[in-house]
1. Condition (residue is in contact with a Cys (Cβ under 6 Å, 6 or more places away or on another chain), open to solvent by less than 60 Å² (accessible area, probe 1.4 Å) and in a loop (DSSP other than H, G, I, E, B)) applied to the stretch A:312-331: is it met by at least one residue?
2. Which one of these is of a type outside the set (Val, Ile, Thr), more than 10 Å from every other protein chain (Cβ to nearest Cβ) and either buried (at least 19 other Cβ atoms within 10 Å of the Cβ) or over 30 Å from A:GLU540 (Cα atoms) (or both): A:GLY201, A:GLY171?
3. If I ask for residues that are out of contact with any strand residue (DSSP E or B) (no Cβ under 7 Å at 6 or more places or on another chain), more than 7 Å from chain A (Cβ to nearest Cβ) and among the small types (Gly, Ala, Ser), which ones from the stretch B:395-425 would you list?
4. Name the single residue that is modelled with the highest pLDDT among those in the stretch B:238-287 being farther than 30 Å from A:GLY366 by Cβ and small (Gly, Ala, Ser).
5. Quickly run through the stretch B:442-451 and pick out the residues that are touching a residue at least 60 places away in the same chain (Cβ under 8 Å), touching a strand residue (DSSP E or B) at 6+ places or on another chain (Cβ under 7 Å) and within 28 Å of B:ALA410 (Cα to Cα).
6. Can you tell me how many residues within the stretch B:296-308 are surrounded by fewer than 16 Cβ atoms within 10 Å (Cβ to Cβ) and farther than 19 Å from B:THR330 by Cβ?
7. Could you please give the count of residues in the stretch B:174-198 that are of a type outside the set (Asp, Glu) and either modelled with pLDDT of 95 or more or surrounded by 22 or more Cβ atoms within 10 Å (Cβ to Cβ) (or both)?
Protein chains: 2
Amino acid sequence: MEELKPRPANLSPLTPLGFLERAATVYGDCPSIAYDDTTYTWSQTHRRCLQVASSISSLGIKRGHVVSVLSPNVPAMYELHFAVPMAGAILNTINVRLDARMVSILLLHSESKLVFVDCLSRSLVNEALAFFPPHVQPPLLILITDNEVPPTPSSSAVHFYDTYEGVVEKGDPEFKWVRPDSEWEPMVLNYTSGTTSSPKGVVHCHRGLFIAALNALLDWSVSNQPVFLWTLPMFHSNGWSFPWGMAAVGGTNVCLRRFDAPIIYRLIERHGVSRMCAAPVVLNILSNSPTNQPLRNPVHILTAGAPPAASILLRAESLGFVVSHGYGMTETSCVVLSCAWKPQWNRFPASERARLKARQGVRTIGMTEVDVVDTESGASVKRDGSTLGEIVLRGACLMLGYFKDPEGTAKCLRETGWFYTGDVGVMHPDGYLEIKDRSKDVIISGGENLSSVEVESMLYTHPAVNEVAVVARPDEFWGETPCAFVSLREEGSTPNPTEKEIMEFCRAKLPHYMVPKTVVFKDDLPKTSTGKIQKFVLKEIARAMGSSRTSRM
Amino acid sequence: MEELKPRPANLSPLTPLGFLERAATVYGDCPSIAYDDTTYTWSQTHRRCLQVASSISSLGIKRGHVVSVLSPNVPAMYELHFAVPMAGAILNTINVRLDARMVSILLLHSESKLVFVDCLSRSLVNEALAFFPPHVQPPLLILITDNEVPPTPSSSAVHFYDTYEGVVEKGDPEFKWVRPDSEWEPMVLNYTSGTTSSPKGVVHCHRGLFIAALNALLDWSVSNQPVFLWTLPMFHSNGWSFPWGMAAVGGTNVCLRRFDAPIIYRLIERHGVSRMCAAPVVLNILSNSPTNQPLRNPVHILTAGAPPAASILLRAESLGFVVSHGYGMTETSCVVLSCAWKPQWNRFPASERARLKARQGVRTIGMTEVDVVDTESGASVKRDGSTLGEIVLRGACLMLGYFKDPEGTAKCLRETGWFYTGDVGVMHPDGYLEIKDRSKDVIISGGENLSSVEVESMLYTHPAVNEVAVVARPDEFWGETPCAFVSLREEGSTPNPTEKEIMEFCRAKLPHYMVPKTVVFKDDLPKTSTGKIQKFVLKEIARAMGSSRTSRM
């Protein structure tokens, strides 16, 4: 059979961009986007995307150029997920909550040629461009206006070449969009949020995003024409690939600029929302809102980033939310592990169901393999639910690599055929895995690996603790010992605990080697713009303290 | 970005075989197969497939070898869809209704090393092997026994090396299955049914079947754990890729050896069937059965091969079947066009709904493009619903090519990047296409393309007509004219029509150029083993009649 080689017709590159064309035929008259009082149909969205692709091509954007977007989840943001790559260019969405210096770093690193800027990010871009070295040509800017946002007098010196609607209007709806020459051609560039060090530019190709979009739909059993509420920022890893997925199933994209519980409940009611993705904190907001009331129809929520807490899960489910838990990272473009639910688990008590659902689970259909391995040897760890190892993955949803960082790429996308996630977990006997920590946050004390997250989880049960982060502190005898940075709640009725009391609290509930040998109270823990605690800053502090010189226990 | 090349972790070959491993983890305790009183779980099926793969590897089967199966839809047939390629080999399922000579041709052409033979196909294989030339080593045979089939004294001289259950028992459940080195590696070989000439060996690779399986699930909105009734033979284009699809979603495969309406209704009731695939004739059987009664729960039926007739559609839907209509061929491995239904069409009267549903529709999500083109120039035809052209496709579900037939492969998988289906259709203004004929059956009369199928459809409305086939007859003046071969119903109350009456019947309802200029009555029309009329035989007869010498009209 060796004579049978791929030929142009079956080699036709996989790309999620074709979903839009198909949606315009099948769902032409059906709503594609709903945003305040604006509604588009799929044929309008198809036409507008072609117009934008045509316009930016006329501006000189071509294959391989990077086009950035600084925008919340408004219709333009959705359209640009198609329009930019339909011009052959690479879409780079940037978190609007970053500071100006970071935005300038990303724009310079990506060599962005064109930036679409939401009206509320004008001054952010203005400040970011001020950081540009004088010899660097700044990118062309396009302003995304919004009737819903009252015009503010702009103090900005920045010049916008055009408005987004101007770009739409000038474009040719008959534009022949640029199909990728190869399915491995880059399509998006996403910078990781940088809880550790400098941000990394994750590049995904057309093939990866095609598989990711189908994978995301199948794993979550999304059928045709869902109503999808965009509570997950599209700048966050391209909304886990759902912008393309929604075109595949002709869903309605309910857009929104910002949200709180009343807004979400109102939109669910108004549009008949059936699906949404959200960080656990959003689940928290929805469950604890004083205005919440049971939903008329079930709403499926996919949550990832951290396992949902038992109490929140219970409350959310009692309101009518159907919660699924998955795991993904910028490097995987979509959820690649999910806690596939078994009907027989429904018979268990709530606490047991929550324990099971807190696990990240099994690989999704689009991925080839997942394992938990010893990082050095690559050997699988015991399937005992307690031996720590690094989560490794292989499959088509993985990134191509990091932009301009061959060393970083080679370090995680290893020649052995596995992607090393840097997350540490255990494999349960039933084949479901559970993440325990980031590998760089694991503390090795007396040769034992201990999960900083487990110590933190226990400390969060202390009534006086507001936030906590546990990191390694060098130790002469043990190598490392746990060091806890704790911020306390606003003063309540009881006096604040002492360092010793915190340690004793831990000693009662944890094995000795896991008990922090150092406790440091801090008013505020250092955080990234997305609210993640920057452990690398705390590690520096712990290292600067010097060795903890504990004696044997 | 040129430095970013695929790496082993993301290059990991796409294959549907991994779905089974995952099903064993997620759906381990859930039913995988139900057949009479036998039920397997997904962990049992996983284990049994590994055992079979291990056993046949021990027998010397390895990468690139062809392993054939002659079997109806029993559990072994399902398992072999995984077990054979898990040994690295290529699965070749053979229609059990073929005659012995054809089976011998296929076994010889495929160079099959091993054949799994259902107990009821023993004498078929015996006869087939008798056709083998003396110098050719016959393949090893394994017998699929069945407790449900009473043992018959076999007159067969054929020697079986082992039974299927023997093969299962001898295998190692810890076998490390053979992953493809490349996703383009061949995985199945299916012979087309040969309505035209000699059968062609269609080869599909792992990548194509991975995409096909996901494509089939998504297009039909199949969610997790469906109960799937196997009314479609798995030897028919691998059951449109649903054997792999069912493992992806952890469905229950309800197997059955043969069926009629009472059996199907009983199985629907017993197992709570939610999905089935079927040729329109099955829909016909179900709708017309005297024992039928409304279903308790809706059953989704996917039909392809020919559009469902309005009256049957209406009856089936009134019983509770939800009918979807699609199009595929052995060369596409799954349904690649489907009549994606629009909610607003539900408001139309039944006849209009049937007319819309009779269209083959739009490309499915996994395919890149479809078009209707002028076969010579490759230019798209007008989207007017009447201009005939050839259906062309591109996308990942297309075959690798025909085995040992580079010429046939190059003829349809053209260098222009399109697969030429040989089917002729029209594109409607709304972007939905409709198939009108096989291209080789189109009759060109006075420069006008006319669809033989349209003339046949009209002739089927004549009360005396039982079966009809219209082919081209050479004509001095017009080039070709339509020639109708007609078999009449058993004698009824009215006298049989004459040739002239048949032509007059047509003249009243068709444009002049479409009216058959020759009518031939025949008791039986020549057919393939699957019951399709062999037009190529009739064309020979029409050609042998010589020119029809019609005068101008």
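The values are calculated or read from the model by the stated rules, or taken from the named source; none is laboratory data. Just so it is clear, the model here is predicted, and its values are computed rather than measured. Neighbour counts run over all protein chains shown; Cβ positions are idealised from the backbone, glycine included. Only protein heavy atoms, including side chains, enter the accessible area calculation; ligands, DNA and RNA are left aside. Shrake-Rupley method; radii C 1.70, N 1.55, O 1.52, S 1.80 Å.
1. Yes: the stretch A:312-331 contains one or more residues that are in contact with a Cys (Cβ under 6 Å, 6 or more places away or on another chain), open to solvent by less than 60 Å² (accessible area, probe 1.4 Å) and in a loop (DSSP other than H, G, I, E, B).
2. Criteria check complete, one pass: A:GLY171.
3. Result: B:ALA410, single match.
4. Among those that are farther than 30 Å from A:GLY366 by Cβ and small (Gly, Ala, Ser), it is B:ALA261.
5. Listed by number, the residues that qualify are B:LEU450, B:SER451.
6. Number of matching residues: 3.
7. Initially, the stretch B:174-198 is screened for residues of a type outside the set (Asp, Glu), giving B:175-180, B:182, B:184, B:186-198.
With either modelled with pLDDT of 95 or more or surrounded by 22 or more Cβ atoms within 10 Å (Cβ to Cβ) (or both) added as a condition, the list becomes B:175-180, B:182, B:184, B:186-191.
Number satisfying all stated conditions: 14.
Rundown of residues vs (1) within 12 Å of chain B (Cβ to nearest Cβ); (2) crowded, with 22+ Cβ neighbours inside 10 Å, yes/no style:
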site: A:ILE391; (1), (2): no, yes
site: A:GLY431; (1), (2): yes, no
site: A:LYS440; (1), (2): no, no
site: A:GLY446; (1), (2): no, no
site: A:THR461; (1), (2): no, no
